[in-house]
Amino acid sequence: MLGENLLVQKRRRVTSGHHRGRLDIIADILGASSSNVRKTYLMYRCNLSFKQLSYYLKFLLNKNLLTPVDENCVSNTSLFKITDKGKEFLKAYKRLKALMK
């Protein structure tokens, strides 16, 4: 039952005519990366294509908001996790969203 409600809420958010901005997508990726996650998980969790995810991962890695778990190997099977800087970004994002309500 709970899983159905989350699925319905996600569909509503995606199909309600609301287009996420760049910051929304970044926050979604960072929020989903609180534990070690793979690209495939992020694609489905954040509702992104492989091309979109690749773009945002490159950006987040360059800005030090996300880090590969094994720094020596960045591939399709790599695991990623949020950095302390990424956590600070996420906190600031949530505060700003709360102010806008």
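Failed condition for A27, given (1) assigned to a helix (DSSP H, G or I); (2) of a type in the set (G, A, S); (3) exposed (fewer than 12 other Cβ atoms within 10 Å of the Cβ), with all others met?
(3)
Check S34, S75, S49 and return the single one that is of a type outside the set (F, W, Y), surrounded by fewer than 17 Cβ atoms within 10 Å (Cβ to Cβ), modelled with pLDDT under 95 and farther than 19 Å from K97 by Cβ. Lay out the reasoning, then the answer.
Details: S34 fails: farther than 19 Å from K97 by Cβ; S49 fails: modelled with pLDDT under 95.
Going through S34, S75, S49 in turn, the sole match is S75.
Return a yes/no flag: does the range 89-96 have any residue that is of a type in the set (S, T, Y), modelled with pLDDT of 95 or more and not in a helix (DSSP H, G or I). I'd like the intermediate steps shown before the answer.
Start the filter on the range 89-96 by keeping residues that are of a type in the set (S, T, Y), which leaves 93.
With the extra rule that they be modelled with pLDDT of 95 or more, the set shrinks to 93.
Still in the running and not in a helix (DSSP H, G or I): none.
No, there is no match, as no residue in the range 89-96 is of a type in the set (S, T, Y), modelled with pLDDT of 95 or more and not in a helix (DSSP H, G or I).
Picking from V14, V8, V69, which residue would you name as being at pLDDT below 95 and touching a strand residue (DSSP E or B) at 6+ places or on another chain (Cβ under 6 Å)? It would help to see each step written out before you state the result.
Details: V14 fails: touching a strand residue (DSSP E or B) at 6+ places or on another chain (Cβ under 6 Å); V8 fails: touching a strand residue (DSSP E or B) at 6+ places or on another chain (Cβ under 6 Å).
Answer to the selection: V69.
The values are calculated or read from the model by the stated rules, or taken from the named source; none is laboratory data. On a predicted model such as this, the values are computed, not experimentally measured, just so you know. For neighbour counting, all protein chains shown are included, and Cβ atoms are generated from backbone atoms with ideal geometry for every residue, glycine included.
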